[in-house]
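Data first, discussion second: the structure below is written as structure tokens.
The values are calculated or read from the model by the stated rules, or taken from the named source; none is laboratory data. Note that the coordinates shown come from a computational prediction; the quantities given were computed from them, not determined experimentally. For neighbour counting, all protein chains shown are included, and Cβ atoms are generated from backbone atoms with ideal geometry for every residue, glycine included. SASA here: full protein model, heavy atoms, side chains in, ligands and nucleic acids out. Shrake-Rupley method; radii C 1.70, N 1.55, O 1.52, S 1.80 Å.
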Amino acid sequence: MFIATVIELVTSYICEFFMGSWPWQTYARDYAFHFQGRIALSPSIRFGLGGTVFLYVLQPIFEKMTSVMGNKVVRYTSISIGIIFLSDAIY
């Protein structure tokens with residue numbers, strides 16, 4: 001939670017320096033506990049909880065799924081997902 005909040009705060013300053021604003025400045029001001037509309041307590045807690053759920057619930061499930069698959073299937077799946085992400089980034 002702390003690391004995600006620090007990254008969000010630093011990124012808001014970088015975006016403001018280069019672009020004049022930061023993309024989430026309108027949502028952060030809507031929360032009761034916020035700092036300059038850059039970071040807010042509620043989203044920080046949700047990022048922390050989401051990261052914890054991913055780390056302790058979803059990651060073990062993914063590890064079990066990939067351990068059942070063969071190396072070839074994992075490789076092709078990884079390449080396919082990589083191509084999808086790359087094409088989305090280029091688009």
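Of the three principal axes defined by the Cα atoms of the chain, the extents in descending order read 50, 32, 18 Å. In the chain, helices alone account for a calculated mean residue ellipticity at 222 nm of -22500 deg cm²/dmol, with every DSSP H run of four or more residues adding -39,500 (n - 2.57). Here the simple spin-label model places points 7 Å from the Cα toward Cβ, and for residue 61 and residue 27 these points are separated by 2.3 nm.
Considering only 77, 66, 11, the Gaussian network model of the chain with Cα springs below 10 Å gives its largest mean-square fluctuation to 77. Mind telling me which of 76, 13, 27 comes out most flexible in a GNM of the chain, alpha-carbon contacts under 10 Å? Greatest mean-square fluctuation among the candidates belongs to 76.
Normalised by the number of residues in the chain, the average gap of Cα pairs under 8 Å and 6 or more apart makes the relative contact order 23 percent.
For the chain, with all protein chains in place and a probe radius of 1.4 Å, 72% of the accessible heavy-atom surface sits on carbon or sulfur. Comparing 67, 80, 12 in a Gaussian network model of the chain, where Cα atoms under 10 Å apart are tied by springs, the biggest mean-square fluctuation is seen for 80. Spatial offset of region 16-49 relative to region 65-91 amounts to 33 Å, using the alpha carbon center of each.
At a probe radius of 1.4 angstrom, the accessible area of the chain per residue rounds to 80 square angstrom.
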